[in-house]
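Asker: Got a structure here, written out as structure tokens. Questions coming.
The values are calculated or read from the model by the stated rules, or taken from the named source; none is laboratory data. Remember, predicted model here, so these are calculated numbers, not experimental data. Don't worry about glycine lacking a Cβ; one is built from the backbone with ideal geometry, like all the others, and counts go over all protein chains shown.
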Amino acid sequence: MWATACNRITVDINCDSFDPFRLGINPAGFAMRAQSKSMNRGVDRFKTPRTVMNAPPEKITTETDATAATWDNLSSLLVDIRARRNEFARAQKIPDEIIEGFKRVGVYRALAAKRFGGDERTPADFCRLIERISEADGSAGWVASFGDGARYLAALPDDTLRKVYANGPDVVLAGALFPLQPARRSTDGFVVNGVWPFASGSPGADLIGVGITVEDDPTGGLARVAVMPAEKVTIRPNWDVVGLQGTGSHDVVVNDVIVPEEWTLIRGGPPTLDAPVYRYPSVTFAAQAHAIVGIGIARSALDEVIAMAGSRASITGAPVMAERGYVQLEMARAEAMLRSARSFFYEATEELWKEALKDTVNPSTATLMRLAATNAARQSAEVCNIASGLAGSASLYTTSNLARAMCDSFVVAQHAALNEGTLQSAGRLLLGSAAQPGFP
């Protein structure tokens with residue numbers, strides 16, 4: 001439905017296939033993909049001006065009212081997020097009205113089943129939306145990334161799913177898996193007690209899931225997750241951190257809550273629902289959803305440097321930033337790092353999706369996807385570090401967008417699904433050895 005990217009560069013994209021969910025994609029992303037495809041076709045890969053690449057898509061006359069409404073909702077939401085990101089950090093959470101905005105642009109219905117009113121979008125579709133939100137603010141993007149919870153919920157029994165989605169597909173799931181806490185069986189299910197840290201997005205959730213262990217539980221070594229209404233859980237506000245400050249990743253406390261067995265699921269186990277998006281490996285997808293937040297943050301950091309480079313002069317009389325050789329070299333290096341990481345990420349996503357469509361997911365393909373996700377997170381953090389360094393003393397202030405980007409990207413790369421240990425596991429598998437449990 002949108003023509004900007006297709007009108008300005010030669011790409012292998014059918015604009016007629018665009019749909020409302022894709023309207024949030026930065027045209028720079030299409031340019032990036034097009035560049036990689038056109039390397040051997042004699043196309044000038046850098047002739048599209050940056051101002052054009054970052055411009056909002058132009059609407060064409062065949063758009064539907066729903067399409068226009070979706071674009072307007074996303075555009076206004078991103079403006080609101082940018083204006084309020086300092087507020088998110090101070091409050092240590094994303095406010096309810098922003099969560100409602102996520103619902104309007106389809107974050108939570110994206111991966112919900114069509115039979116329950118959801119969209120069953122592709123992993124790439126979902127990641128591109130999270131990427132755009134993350135460009136506006138890393139904390140907002142991180143909380144939105146838990147829209148992938150619909151895929152976890154797909155492992156609940158069918159009757160339970162009907163109850164979950166009784167009021168529509170926009171169900172917000174949050175929670176924390178580790179450390180797994182012991183639960184005991186009762187005649188009504190499981191009695192759950194414990195404290196779980198890092199429950200991102202819990203202040204705005206409808207449902208909370210926590211990881212439990214049960215004696216003699218035949219889960220095959222996989223974690224069981226107990227799902228319960230958010231009002232059954234106490235949030236212990238203790239999210240005092242250097243990055244992703246607005247995610248509300250507080251501890252959650254559960255005291256003697258009885259969870260029926262049909263309200264539990266096996267993380268990484270077979271889904272109840274059968275559709276390609278649910279055959280896509282769930283743990284791998286969770287790593288992707290987090291990693292793409294880093295890509296969005298890094299994009300915003302480089303754009304911040306570009307915005308200041310043409311006008312910021314040195315107090316010593318040196319040229320403006322854009323005319324300094326070291327700035328030019330570092331910007332080129334950072335841009336190449338980010339685009340390369342992003343291209344690898346979406347290329348691996350598409351390869352794994354093709355296999356999910358055929359119901360033949362290969363562990364080696366999932367391994368490459370995990371590697372691409374970890375690489376995206378770590379390269380994004382390095383790009384933000386470069387951008388912050390180029391800005392000099394301007395990035396020292398706590399209100400600096402570059403300071404925020406550097407700290408946010410650092411926290412993304414520290415996540416257990418994206419840390420250095422995942423690189424080691426990927427390397428072991430690539431060399432024919434066994435990986436750590438839970439990988440890929």
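Asker: For Ser395, all conditions in the list (1) in contact with a Ser or Thr (Cβ under 7 Å, 6 or more places away or on another chain); (2) touching a residue at least 24 places away in the same chain (Cβ under 8 Å) hold save one; what is the number of the exception?
Answerer: With (1) in contact with a Ser or Thr (Cβ under 7 Å, 6 or more places away or on another chain); (2) touching a residue at least 24 places away in the same chain (Cβ under 8 Å) applied to Ser395, the lone miss is (2).
Asker: Within the range 372-395, identify whether any single residue is part of a loop (DSSP other than H, G, I, E, B), assigned by TED's automatic domain parsing to the domain that holds Gly421 and small (Gly, Ala, Ser), and answer yes or no.
Answerer: No, there is no match, as no residue in the range 372-395 is part of a loop (DSSP other than H, G, I, E, B), assigned by TED's automatic domain parsing to the domain that holds Gly421 and small (Gly, Ala, Ser).
Asker: How many residues are outside any strand (DSSP E or B) and touching a strand residue (DSSP E or B) at 6+ places or on another chain (Cβ under 6 Å) when one looks only at the range 172-187?
Answerer: Counting residues in the range 172-187 that are outside any strand (DSSP E or B) and touching a strand residue (DSSP E or B) at 6+ places or on another chain (Cβ under 6 Å) gives 1.
Asker: Hey, another quick one. Exactly one of (1) modelled with pLDDT of 95 or more; (2) over 25 Å from Leu111 (Cβ atoms) is unmet by Ser433. Its number?
Answerer: With (1) modelled with pLDDT of 95 or more; (2) over 25 Å from Leu111 (Cβ atoms) applied to Ser433, the lone miss is (1).
Condition check ((1) surrounded by fewer than 24 Cβ atoms within 10 Å (Cβ to Cβ); (2) in the same structural domain as Trp239 (by TED's automatic domain parsing); (3) in contact with a helix residue (DSSP H, G or I) (Cβ under 8 Å, 6 or more places away or on another chain); (4) in a helix (DSSP H, G or I)) across all residues:
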| residue | (1), (2), (3), (4) |
| --- | --- |
| Ile99 | yes, yes, yes, yes |
| Arg109 | no, yes, yes, no |
| Ala124 | yes, yes, yes, yes |
| Ile130 | no, yes, yes, yes |
| Ser134 | no, yes, yes, yes |
| Phe146 | no, yes, yes, yes |
| Leu156 | yes, yes, yes, no |
| Lys163 | yes, yes, no, yes |
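Asker: Going by what's in this entry, would Phe285 be described as surrounded by 23 or more Cβ atoms within 10 Å (Cβ to Cβ), touching a residue at least 12 places away in the same chain (Cβ under 8 Å) and among the aromatic types (Phe, Trp, Tyr)?
Answerer: The answer is yes for Phe285.
Asker: Here are Pro203, Pro169: which of them is out of contact with any strand residue (DSSP E or B) (no Cβ under 7 Å at 6 or more places or on another chain) and either assigned to a helix (DSSP H, G or I) or crowded, with 16+ Cβ neighbours inside 10 Å (or both)?
Answerer: One residue alone meets the criteria, Pro169.
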